[in-house]
Amino acid sequence: MLEYGPMFNECLEALGKHAVVFEGQDAKSIRDATVNLFPHNLGSGLNWSEVRDHVRIDSYDFAPILCMPDEEINVFVIWPYSEPIIKTTLAKVLANIDDVEAVNFDTYIYCIETKHLIEIHFSGRITIGRMPGTL
């Protein structure tokens, strides 16, 4: 595994031994199948106005929207313009959210089972939406 800096290393350590890191072509494939399916605004994150099913929220309480307990949701943690992607559980991410957010200005959390994408924008805005074309 390549070195990605102290903030990434601290995040990975905080998420624990079951976190899986994807690099190179694997990371690109995951990014293309998740975050890159959403419309983007140049330099300012995702363009949620073009996503029909989305909501802005004021907390990290995603369970009511996802209709599953955090412990049961596997996620990819994705940072823009950053090579590695981490697979873990939403519960682990939320328990270590400060370490996760410290890696990059913006953070995306893709929920594998529910096909939701969570954007934690550097401004503090949290938006969650469904993948385009999913039911």
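Every number here is computed from the coordinates shown, using simple stated rules; none is lab data. Note that the structure is predicted; figures quoted are calculated from it, not measured. Every residue, glycine as well, gets a Cβ built from its backbone with ideal geometry; the counts of neighbours run over all protein chains shown.
By the count of neighbouring beta-carbon atoms within 10 Å, fewest first, Cys11, Cys67, Cys111 end up ordered Cys67, Cys111, Cys11. Fewest-first ordering of Arg31, Arg52 by other beta carbons within 10 Å of each residue's beta carbon gives Arg52, Arg31. In the chain, the DSSP-assigned H stretches of four residues or longer account for a calculated mean residue ellipticity at 222 nm of -6500 deg cm²/dmol, using -39500 (n - 2.57) per stretch and the full residue count as denominator. In loop segments of the stretch 1-46 as defined by DSSP, the GluC sites (Glu not before Pro) with at most 15 further C-beta atoms inside 10 Å of their C-beta are Glu3, Glu23. In the chain, once you exclude exposed chymotrypsin sites (Phe, Trp or Tyr not before Pro) (DSSP loop, at most 12 other Cβ within 10 angstrom), what's the longest stretch remaining? Counting at most 12 other Cβ atoms within 10 Å as exposed, the longest clean stretch of the chain is 1-80.
Label-to-label distance, Glu13 versus Arg52, with points set 7 angstrom from Cα along the beta-carbon direction: 4.6 nm. Matching the structure-derived mean projected area of the Cα convex hull in nm² against the labelled list (i) 7.7; (ii) 11.9; (iii) 15.9 gives the label (i).
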